[in-house]
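These notes are about the structure you will find just below.
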Amino acid sequence: MATKILLTLYRDEVAPRFDLASEVLLVIVDADNREVRRQELVLAHANADELCDLILDREVDVLITGGMEEEHYHYLRWKRLTVLDGVAGLAEEALARFLRGELESGDILFPRGQHA
Amino acid sequence: MYGQRFPPGGTNVENDTMTSRAPSAAFTGLAAASLDQADLARILLALPFGVAVLDRERRMLFMNGVLERLTGFASAEVSGVPCRHVLRGSFCLHACPRVACAKSGDPACGGESLEGTLINRHRRKVPVRLTSVPVLDAAGALLCSLDVIEDLSALKELEARLTRTAGPGAIVGRCSVMEHLLRILPAVAASDSTVLLTGESGTGKDLLAEALHRASPRARESFVRVNATPMPEALLDVELFGQAGGAGEQNAPRPGKFQLAQNGTLYLSEIADMPLAQQGRLLRLLDEKAVVPAGGERPMRLNVRVVAATGRDPEALVKAGLLREDLFHRLNAVRLHLPPVRERGEDVQFLLTHFLGLYAAKFRKQVLGFSEAAVALLSAYDYPGNVRELRNIVEYAVMVCPGELVGPEHLPPYLRSAPAEVHGDDPVVKTAAERAKHSRKKA
């Protein structure tokens, strides 16, 4: 069974904020987690409510994004989506980790500690 | 100024103090206080606002405790992470001040504040103000930047409260009389004059009194309403002007309504219900701004604005001997009259739509408007209970209406007993329904 994954984008990164994302990457994977199709969408403007509508219209199963407000998080969870929010890192790396079953909400994928 | 001596002629104490002070060392800059070797991180930790130190690539080097609490991240776990993924500010993606400086080629630029929001780790949106300050070396090259983040939650909440306070409350109206009233309301509220409100029952005198208080400089103080309902005069005296304390617990001093309204507004909801004796005391209070509590001897200073109301014609009340003429003239400094609904013409349609929207939202129903027949019935009715009655009719209609349009069958039975003419193409009917439909779409 295919799974639709939507990542909010800021350049090549996961967008730091869901409500400010004006680009999204929609990836469809098959039952073996092999990528079947991918599509990048540029939104007319950033708006969390409209993004929620798009996610539901496209019947997305999994959302990978950065920080998002509780209201939108619970709304999409209530709509039975898997929501992985608070993810900080490159979008491709986040997607790869998700497909390996290694991505969780709040994961920071950027290299850390060099400046401590 | 350091090391300066006062000339002779000052007081002895000053001279003693100054001469006993050891001479100050010469000012030699940061090095003298060893600030050039200070533990900056420890200093920043103690500051009462959020501070982030970022490298030239705007990656996190350090966050102080306040910012850790604000963002929900520990400084160590986000060290090296681009700040946009930690602060998650509304200004991070398109208005980052340091990116703008880099583009302009001037690393020293910045320092101005930006207001926006951040979303923290706990999914809470927080209003903040960001001030980004570049830290440069002696040659003017950028070393790092200090981002100062202030939590504006308390400020925004206060602003919202003040905005609510300054608004004209729940008084609405589109007819010329009401528009005039709403236009002069802020000026009347800002003055400290006594106000006499007149109008039939249900026209909104209580709301207007509250709106006057909320828009006045006394808005943060108490608004005390007094119903001078029939009661023994001695009891009313205590109720209004308080009781002085006596010996024993039973005789503890009791504040009256006027004392409770100290620095605020006292609203007398029906002035003609007040016995003449109390009217005389009220007049003295307004003149002298002091009151002697029952059983007391010493007058108590009072700073209270009085707003009085009556549902009857005040001149007729004076003639009938129910209202002291001198008090009437004292209260009548500013007089505001609320017209009955039957004189508000086009306001009926407006009020119907206004309350329909309110109750549809309250009852979570998709009621969009009134049918033409219902509007005809509602327009033909003369509302002896005024806005209060109109509001109750709409509340009932929205409650019982199962569909999108309120029909005659959803109105209280007494309205339906006198059927009115139906104006099929009444533009107001359509406008009300269309506006409701439009607002629903927007929502």
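No value in this document is a laboratory result; all are computed from the given coordinates. What you see is a predicted model, and the numbers here were worked out from it, not measured in a lab. Every residue, glycine among them, receives a Cβ derived from its backbone with ideal geometry; neighbour counts consider all protein chains shown.
Numerical summary
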{"item": "Phi-based couplings in Hz for segment B:141-151 (Karplus 6.51, -1.76, 1.60; Gly and Pro marked x)", "result": "7, 6, 8, 6, 10, 9, 9, 9, 10, 10, 7"}
{"item": "Calculated log₁₀ intensity ratio I(q)/I(0) where the Debye formula runs over C-alpha points of segment B:167-339, q = 0.10, 0.13 Å⁻¹", "result": "-0.38, -0.63"}
{"item": "Cross-link partners of B:LYS257 among aspartates and glutamates (Cα-Cα below 20 Å; sequence separation of 8 or more within a chain)", "result": "B:ASP192, B:ASP206, B:GLU210, B:GLU221, B:GLU233, B:ASP237, B:GLU239, B:GLU270, B:ASP273, B:ASP287, B:GLU288, B:GLU297"}
{"item": "Out-of-range pairs (alpha-carbon distance over 30 Å; input A:LYS4/B:LYS156; B:LYS205/B:LYS362; A:LYS79/B:LYS125; B:LYS205/B:LYS319; B:LYS125/B:LYS362)", "result": "A:LYS4/B:LYS156"}
{"item": "Distance between modelled label sites at B:PHE49 and B:ASP326, nm, 7 Å Cα→Cβ extension", "result": "5.8 nm"}
{"item": "Inter-chain shielding of A:66-72 (mean C-beta neighbours from other protein chains, 10 Å cut-off)", "result": "5"}
{"item": "Radius ratio Rg over Rh of segment A:3-99, counting only Cα atoms, Kirkwood formula for Rh", "result": "0.92"}
{"item": "Relative packing of B:401-409, B:265-273, which averages over residues the other C-beta atoms within 10 Å, highest first", "result": "B:265-273, B:401-409"}
{"item": "Inter-label distance for B:LEU358 and B:ARG284, nm, one decimal - labels placed 7 Å from Cα along Cα-to-Cβ", "result": "4.2 nm"}
{"item": "Relative contact order computed over segment B:167-339 (Cα-Cα under 8 Å; 6+ residues apart), in percent", "result": "31 percent"}
{"item": "Average beta carbon contacts from partner chains per residue of B:117-128, 10 Å cutoff", "result": "4"}
{"item": "Length-normalised contact order for segment A:6-92 - Cα pairs under 8 Å, 6+ apart - percent", "result": "35 percent"}
{"item": "Theoretical FRET efficiency, 1/(1+(r/R0)^6), r = Cβ-Cβ of B:SER417 and B:VAL177, R0 35 Å, to 0.05", "result": "0.70"}
{"item": "By average C-beta atoms within 10 angstrom, highest first, the peptides A:18-28, B:357-367", "result": "A:18-28, B:357-367"}
{"item": "Highest to lowest packing among A:2-15, B:174-187, scored as the average C-beta count within 10 Å", "result": "A:2-15, B:174-187"}
{"item": "Taking B:MET399, A:MET1 and counting other C-beta atoms within 10 Å, the order from fewest to most", "result": "A:MET1, B:MET399"}
{"item": "R0 of 22 Å, Cβ-Cβ distance B:LEU40-B:HIS94: FRET efficiency to nearest 0.05", "result": "0.15"}
{"item": "Cβ-derived FRET efficiency at R0 35 Å, B:GLU395 paired with B:GLU157, nearest 0.05", "result": "0.70"}
{"item": "Per-residue mean of C-beta atoms belonging to partner chains within 10 Å, peptide B:54-60", "result": "2"}
